[in-house]
1. Give me the pairs, please: first residue somewhere in the range 396-414 and open to solvent by less than 30 Å² (accessible area, probe 1.4 Å), second residue anywhere and of a type in the set (D, E, K, R), beta-carbon distance under 7 Å, and either six or more positions apart or on two chains.
2. Restricting to the range 329-359, name every residue that is open to solvent by 20 Å² or more (accessible area, probe 1.4 Å) and either part of a strand (DSSP E or B) or under 23 Å from His407 (Cα atoms) (or both).
3. Mind listing just one residue for me: the one in the range 85-125 that is of a type in the set (D, E, K, R) and either open to solvent by less than 40 Å² (accessible area, probe 1.4 Å) or assigned to a helix (DSSP H, G or I) (or both) and, of those, farthest from Tyr283 (Cα to Cα)?
4. Hey, could you check the range 64-84 for residues that are part of a strand (DSSP E or B) and either under 16 Å from Arg221 (Cβ atoms) or at pLDDT 90 or above (or both) and say which is most open to solvent (accessible area, probe 1.4 Å)?
5. Looking at Asn237, Asn305, which is the one that is open to solvent by 50 Å² or more (accessible area, probe 1.4 Å), at pLDDT below 95 and over 21 Å from the mean Cα position of the chain (by Cα)?
6. Can you tell me which of Thr373, Thr384, Thr406 is at pLDDT below 95 and within 22 Å of Glu437 (Cβ to Cβ)?
Amino acid sequence: MKRKTIAFMLMTGVLLLSACQRHTLPSNSGGQEDSSSTSESSSSNSSESTSISTSTSSSTSSSTSTSSSTTYSYSDSYESETAAKYYQSIDSSLSGSELRSALENLVYGSFKITPSSLTYKNVSTYFKGAYRSPSNSNDTVLYYTDKSGNNTSWNKEHIWPNSRGTGEGSGPCGDPWVIAPCDSNDNSSRGNNVYGLVTGSYDPGTGATGALLKYRGIAARAILYTATTWWHHPGKNSASLELDDTTAYVSGANKMGILSQLLEWNLTYEIDETERIRNEYLYGALGIRNPFVDNRSFGCRIWGNFNDKTRSICAGSYDEGGDGGDVVPEEDTPVTNPQTNHTYKLGVYQGGVKQQCYMTGNIANTYYAETTTNKADAANVVLTASGDGYNVKVGNKYLNAVASGTHNNISFDSSPTSVWRFSSDYNALLTTTSNGEFYLGTYNSFMTMSLSTISQITSSTSYIGHLYEP
């Protein structure tokens with residue numbers, strides 16, 4: 001993969017690519033069939049036969065929420081340092097079925113218990129932690145609505161339907177990423193329909209006028225997770241779990257969709273806080289992570305070449321050759337003797353993908369500084385004297401290094417808290433936190449900038465941030 005940071009603009013229903021563009025941040029969106037309640041009754045077959053078509057009003061409001069000139073984008077970097085370490089065995093050059101297989105082996109092999117011992121009967125024991133409300137740890141958030149539930153008011157929802165391969169015995173139907181607490185009305189109205197906005201599909205953000213549209217993204221990433229982690233380990237029938245780009249139901253085929261819609265929603269709707277809570281809780285409880293919550297680019301890297309529609313949505317993000325129309329820029333010339341009160345740009349030549357990027361002054365995915373390949377769009381950077389070093393102002397905010405436990409993050413604040421010194425050995429800005437000395441840069445194919453420990457500065461896969469003339 002030569003291009004990793006992507007921005008998507010949705011115009012007349014089609015997402016168009018712009019390389020290494022600025023990314024915006026969090027806020028997100030997500031039904032299913034099983035009508036059994038927490039008392040473990042099993043009447044999901046009747047609800048699975050329900051067929052619905054999204055109402056005109058719901059579809060209209062849904063589509064207008066992603067109208068022309070609205071930009072949806074994301075940073076191709078892991079959500080946390082913990083996530084980056086979890087996927088360190090995944091070769092960044094993999095795509096398609098090879099990447100899907102590598103992720104399947106990693107996640108399925110990470111279960112602390114035998115995966116086949118997970119059961120539908122006991123899956124609700126994980127709900128209190130996995131579906132905990134961000135605002136009240138005593139509340140369980142119901143899928144699609146965010147309403148709080150209790151042990152008598154909600155059902156267990158197959159996000160990937162029972163009849164489409166996850167079953168009601170053991171295996172995927174015991175995975176809290178696949179089964180969720182849900183209001184009984186939403187559970188029954190979804191049936192076994194695939195997710196989408198056309199007749200014969202179910203909109204997981206249906207009826208929402210804003211915030212709950214986030215469940216489109218939430219549901220999409222749960223489906224992509226299921227198709228990867230449980231790919232060759234279905235709970236019902238012998239066929240592997242697969243994704244298709246239709247609403248069709250074929251008994252025993254174990255297929256879900258609508259793939260192109262799922263990929264679009266994954267890119268359009270940012271990671272939600274409820275997904276982060278679920279990811280970290282299940283990592284601790286079961287040892288597993290959702291790759292598509294940790295790094296949304298995996299969706300297009302695996303399925304982006306499925307058909308013309310997915311290629312249009314992913315726009316070259318999945319293959320080795322990009323879209324074939326880029327001219328690889330030459331590396332900008334780093335400043336070797338910076339001056340105070342002079343305007344610069346701060347950026348990095350990302351050798352992993354051969355692109356020059358510059359800091360925009362915005363945060364990407366909570367921990368990192370976003371970048372753009374367009375130098376004119378980058379924030380102006382000014383150094384002001386502070387003791388033996390500098391305060392660094394990026395746009396109208398100060399660039400600070402923040403140590404939070406073992407995490408070392410970048411922040412942009414109204415006042416300076418970090419003093420940076422300039423290393424003439426590396427033409428780089430360095431700073432010190434309680435966790436040690438760090439430089440600005442990136443590594444592998446990531447286009448965002450972050451703090452890296454000084455011991456990594458000479459690594460062949462590390463790329464150092466520099467000051468550049470505007």
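1. Asn400/Asp413; Phe412/Lys397
2. Selection gives Pro334, Thr343, Tyr349, Gln355.
3. At the first step, the residues of the range 85-125 found to be of a type in the set (D, E, K, R) are 85, 91, 98, 100, 104, 112, 121.
Now restrict to residues that are either open to solvent by less than 40 Å² (accessible area, probe 1.4 Å) or assigned to a helix (DSSP H, G or I) (or both): 85, 98, 100, 104.
Values: Lys85: 13, Glu98: 24, Arg100: 19, Glu104: 15 Å.
So the residue we want is Glu98.
4. Taking the range 64-84 first, the residues part of a strand (DSSP E or B) are 70-74.
Retained after the next criterion (residues that are either under 16 Å from Arg221 (Cβ atoms) or at pLDDT 90 or above (or both)): 72, 74.
On the way: Tyr72: 33, Tyr74: 2 Å².
Per the stated criteria, the residue is Tyr72.
5. Numbers: Asn305 fails: over 21 Å from the mean Cα position of the chain (by Cα).
Residue meeting the stated conditions: Asn237.
6. Details: Thr373 fails: within 22 Å of Glu437 (Cβ to Cβ); Thr384 fails: at pLDDT below 95.
Just a single option satisfies the conditions, and that option is Thr406.
Every residue, every condition in (1) among the β-branched types (Val, Ile, Thr); (2) modelled with pLDDT of 95 or more; (3) closer than 19 Å to Arg221 by Cα, yes or no:
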residue: Ala102; (1), (2), (3): no, yes, yes
residue: Asn105; (1), (2), (3): no, yes, yes
residue: Tyr120; (1), (2), (3): no, yes, no
residue: Ser135; (1), (2), (3): no, no, no
residue: Tyr143; (1), (2), (3): no, no, yes
residue: Gly149; (1), (2), (3): no, no, no
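Conditions (1) under 23 Å from Asn305 (Cα atoms); (2) touching a helix residue (DSSP H, G or I) at 6+ places or on another chain (Cβ under 9 Å); (3) hydrophobic (A, V, I, L, M, F, W, C), marked per residue:
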site: Ile159; (1), (2), (3): no, yes, yes
site: Asn162; (1), (2), (3): no, yes, no
site: Leu213; (1), (2), (3): no, yes, yes
site: Arg216; (1), (2), (3): yes, yes, no
site: Ile223; (1), (2), (3): yes, yes, yes
site: Thr226; (1), (2), (3): yes, yes, no
site: Asp244; (1), (2), (3): yes, yes, no
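The values are calculated or read from the model by the stated rules, or taken from the named source; none is laboratory data. Please read these numbers as outputs of a predicted model, since none were measured by experiment. No Cβ is skipped: glycine too gets one built from the backbone with ideal geometry, and neighbour counts run over all protein chains shown. Protein only, heavy atoms only, side chains kept; ligands, DNA and RNA dropped before computing areas. Shrake-Rupley method; radii C 1.70, N 1.55, O 1.52, S 1.80 Å.
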